[in-house]
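Everything below concerns the one structure shown next.
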Amino acid sequence: MEDKLVRATAKNNNIRIIACSTTKLVNRAVKIHGCHPTAAAAFGRMLTAGSLMGSMLKSKSESLTLRISGGGNARGILVISYPDSHVKGYIGNPKANLAPNSSGKLDVGGIVGTNGNLTVTRDLRLKEPYSSQVPIQTGEIGDDLAYYFTVSEQTPSAVALGVLVDTDSSIKSAGGLIVQMMPEADKSLADLLTDRLKKMTPISTLIDTEKSIYEVLDSIFDDMDLKILDELYPSYRCDCSRERVEKALLSIGCKDLEEIYKEGKTEEIRCNFCNKIYLFTHEQIGEILKNIKRERTI
Ligand SMILES: [Zn+2]
């Protein structure tokens with residue numbers, strides 16, 4: 001089934017809902033990065049969260065960076081997302097893996113760790129990027145994100161993120177859900193919603209049984225005046241180019257670049273997001289250095 005993200009409201013616009021299935025995009029990402037099962041689940045949850053949050057951005061030129069770093073063996077996970085819900089990212093240690101936790105689930109919290117922060121950065125292009133961070137609660141990512149929305153954005157939210165990983169690390173299903181209460185909503189609605197979401201079958205299980213994202217929403221909100229607003233198609237996409245990598249090479253500084261040039265070797269630069277390799281020969285590095293020096297004398 002195709003990955004899909006749906007935006008909806010319920011209870012007369014008092015509840016805002018974003019839900020997505022991300023099986024294909026997570027599968028693609030964990031293959032590119034060679035993730036082991038626990039790392040695949042953690043990275044998949046972050047990518048799914050990224051898709052959901054990207055779709056909440058207001059303008060087309062914005063992007064959002066979601067970073068979690070809790071001192072665990074995953075060594076940090078970073079995801080960048082865009083308004084059309086496409087994402088890219090990486091995990092510090094794709095081989096991070098632990099035995100299942102006490103409830104028999106992949107121990108995402110264990111590899112993420114709880115000694116650190118969840119950071120959300122909005123890049124508005126023209127203005128300075130805006131960052132806010134909250135301390136990690138459980139490292140399970142869904143809980144941490146719900147905490148972030150409630151504390152940093154003062155929007156009571158429930159977040160469900162689920163990834164089912166097969167023994168060969170391929171993804172059986174992945175998806176997520178963000179449910180937010182609008183400020184004018186009353187308390188009893190919050191209680192009803194909390195109860196409903198607590199009883200909900202895990203979203204990855206629903207998607208694994210071939211339920212479409214619309215059916216998932218129907219199963220939770222069908223008696224709550226559910227209104228679908230629109231749909232998007234999440235994907236894993238990297239937009240790296242030789243030009244961008246060259247810029248990154250420049251950022252290491254003239255002195256270091258000169259060192260590399262003197263070594264006389266071909267420099268290999270790998271894109272963190274898609275693992276594509278860009279080669280810069282001795283002569284090409286020489287050209288880049290010449291250009292920097294020329295620009296400086298103008
Ligand atoms: Zn790339």
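Computed from the coordinates by the stated procedures, all read-outs in this text should not be read as laboratory data. All of these numbers come straight from a predicted model, not from anything done at the bench. With ideal geometry, Cβ positions are generated from the backbone for all residues, glycine too; neighbour counts draw on all protein chains shown.
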Loop-located GluC sites (Glu not before Pro) in the stretch 205-298, at most 11 other Cβ atoms within 10 Å (DSSP):
E210
Short version: ³J(HN,Hα) in whole Hz for each residue of the stretch 108-124, in order, from phi by Karplus 6.51 cos²θ - 1.76 cosθ + 1.60 (θ = phi - 60°), x for Gly and Pro, what are they?
4, x, x, 7, 6, x, 10, 9, x, 10, 9, 10, 10, 10, 9, 9, 9
Provide the FRET efficiency to the nearest 0.05 for the K187-L229 pair, computing r from the beta carbons and using R0 = 35 Å.
0.90
Dipole size in debye (nearest 20) for the chain around its Cα centre, Lys and Arg Cβ +1, Asp and Glu Cβ -1?
740 debye
From the cross-link list K4/K31; K60/K172; K88/K199; K11/K172, which pairs have alpha carbons spaced over 25 Å apart?
K60/K172; K88/K199; K11/K172
Output for the stretch 17-91: trypsin sites (Lys or Arg not before Pro) sitting in coil per DSSP, at most 16 other Cβ within 10 Å, listed by number, reads K58, K60
Please order K4, K105 by the number of other Cβ within 10 Å, starting at the fewest.
K105, K4
Work out Dmax and Rg for the chain from the C-alpha atoms and quote the Rg first, both in angstrom.
21.3, 70
Taking the Cβ of each residue in M181, M53 as the centre, tally the other Cβ atoms inside 10 Å and list the residues starting with the fewest.
M181, M53
